[in-house]
1. Given the structure, is GLY229 open to solvent by less than 60 Å² (accessible area, probe 1.4 Å) and without any contact (Cβ under 8 Å) to a residue 60 or more places away in the chain?
2. Cβ-Cβ under 8 Å, sequence separation 6+ or interchain: first residue in segment 236-262 and hydroxyl-bearing (Ser, Thr, Tyr), partner open to solvent by 50 Å² or more (accessible area, probe 1.4 Å) and not in a helix (DSSP H, G or I). Which pairs?
3. Would you list the strands (runs of 3 or more DSSP E) that sit entirely within segment 313-410 and hold 2 or more residues that are in contact (Cβ under 8 Å) with a residue 40 or more places away in the chain and open to solvent by 30 Å² or more (accessible area, probe 1.4 Å)?
4. Can you tell me which residue is modelled with the lowest pLDDT among those in segment 336-363 that are touching a His at 6+ places or on another chain (Cβ under 8 Å) and not hydrophobic (A, V, I, L, M, F, W, C)?
5. Identify, by number, the condition in (1) open to solvent by 30 Å² or more (accessible area, probe 1.4 Å); (2) within 30 Å of LEU232 (Cβ to Cβ); (3) touching a Gly at 6+ places or on another chain (Cβ under 7 Å); (4) not basic (Lys, Arg) that VAL243 doesn't meet.
6. How do the strands (runs of 3 or more DSSP E) wholly within segment 47-145 filter down when requiring 1 or more residues that are touching a residue at least 24 places away in the same chain (Cβ under 8 Å) and in contact with a Ser or Thr (Cβ under 8 Å, 6 or more places away or on another chain): which remain?
7. Do you know which residues across segment 113-137 are open to solvent by 30 Å² or more (accessible area, probe 1.4 Å) and within 30 Å of ALA39 (Cα to Cα)?
8. Is it the case that some residue within segment 165-175 is open to solvent by 40 Å² or more (accessible area, probe 1.4 Å) and without any contact (Cβ under 8 Å) to a residue 24 or more places away in the chain?
Amino acid sequence: MTTEAETTERYDVVIVGAGHGGAQCAIALRQHGFAGLIAMIGREPELPYERPPLSKEYLAREKSFDRLYIRPAGFWKDKAVTMELGVAAMAVDPAARRLSLSDGRNVTYNNLVWATGGEPRRLTCAGATLAGVHAVRTRADCDQLMKEIDDGARTIVVIGGGYIGLEAAAVLTKLGCRVTLLEALPRVLARVAGPELSSFYEREHREHGVDLRTGVAVDCLLGSDRVDGVRLADGTVLPADAVIVGIGITPAVEPLLAAGAAGGNGVDVDAHCRTSLPHIYAIGDCAAFASIHSGGVRMRIESVQNAMDQATCVARGIIGDARPYVAFPWFWSNQYDLKLQTAGVSAGFDQSVIRGDPATRSFSVAYMNEGRLIAIDAVNNVKDYVQGRKLIEAGAHANPIILADTSVPLKQHLLI
């Protein structure tokens, strides 16, 4: 008779999630000399791969999937990282330090790292589960969408005016699709940027042929077996061969919360990325932390940089070199021939200053709070991004009038 002890696999570190954060944690552990047993558990069948290109170069057919792998297959074998792919973590027993998997197996750990990211938030209206309704979160999502485009889906409705929706709209337009983009709020990017940047991107997308509509609500999706239209709250019906839903994610933390971890919008972590459960860390999109760059407000930051820097923080903690997570947040987005680079967190800004003329398609928006520069959005303007980042990290104050003067390099504001 086989006992539970005989069917339980034992590891020193178990990493749940095979995205950027999970991969970086395993890499950092080995780089810092950790010699224990490491297992990585991923819901997808793929080895860890880069996610940002899914809505950009991969969807545009500019980069093949084999170029997205974070490390080649041989790397994980050489580093003795056990890959458990195509399986999900279902439950956590903190007292026993045991993880139950979707295939019925159990694994035990000395330390558990939760790096699951999140699941795409779904529509709740009628028709939301019809064929032809897509997220852009995984390779499988993109492959199915690409197949449908190849099979003739050329009229596409994108729901959500955040970065994923805007990036997808830009690529689909480039591929020759007729794209309508719907945003429920009065402007796109309303949660992450000021109105100046929103206005700029709205204009750019419209000039590229996107039928962009803000302040609109979706009533339902139409179709029998497959979506063929979107009905708006005002009764307008938009034809659709396919629909992309980009309305954010739901942090994938249910097993941790069920086990008693503190959290709500994600799982709460401290300055060392530790959850309230012993020997359990959380990193990346699913981890809510009090950022020193947002005035101590607890928040989740959905970016590759955040996931990877938190992963390194956790790896150091596991090997006994604990250091608080203080990494500086930065982001990027590519749309058409526009490269947006963002430094800092603009949440809570009380003043914004435009540097340059948006009509030239090279400018920046600086965000301030009580006279201190807290964030910058730089569009096709690497110099402002680099210099602005240094100012933000230094906690520099600036005169808004001088800040708007592009003849004064940002770096000089350290002296003003």
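The values are calculated or read from the model by the stated rules, or taken from the named source; none is laboratory data. What you see is a predicted model, and the numbers here were worked out from it, not measured in a lab. When we count neighbours, we look across all protein chains shown, and the Cβ atoms used for this are built from the backbone with ideal geometry, even at glycine. Protein only, heavy atoms only, side chains kept; ligands, DNA and RNA dropped before computing areas. Shrake-Rupley method; radii C 1.70, N 1.55, O 1.52, S 1.80 Å.
1. Values: open to solvent by less than 60 Å² (accessible area, probe 1.4 Å): yes; without any contact (Cβ under 8 Å) to a residue 60 or more places away in the chain: yes.
Criteria met by GLY229.
2. THR250/GLU119; THR250/ARG121
3. Numbers: elements: 330-335, 338-344, 351-355, 363-369, 372-379.
Strands (runs of 3 or more DSSP E) meeting the threshold: 330-335, 351-355.
4. Let us first name the residues in segment 336-363 that are touching a His at 6+ places or on another chain (Cβ under 8 Å), namely 336, 344-345.
From what is left, the residues that are not hydrophobic (A, V, I, L, M, F, W, C) are 336, 344.
Working: TYR336: 95, GLY344: 91.
In this case the residue turns out to be GLY344.
5. So VAL243 meets the others, but not (1).
6. Working: elements: 81-85, 89-93, 98-101, 106-114, 118-120.
It comes to 89-93, 98-101, 106-114, 118-120.
7. Matches in segment 113-137: THR116, GLU119, ARG121, ARG137.
8. Filtering segment 165-175 for residues open to solvent by 40 Å² or more (accessible area, probe 1.4 Å) gives 174-175.
Restricting the remaining residues to those that are without any contact (Cβ under 8 Å) to a residue 24 or more places away in the chain gives none.
So far as segment 165-175 goes, no, none of its residues is open to solvent by 40 Å² or more (accessible area, probe 1.4 Å) and without any contact (Cβ under 8 Å) to a residue 24 or more places away in the chain.
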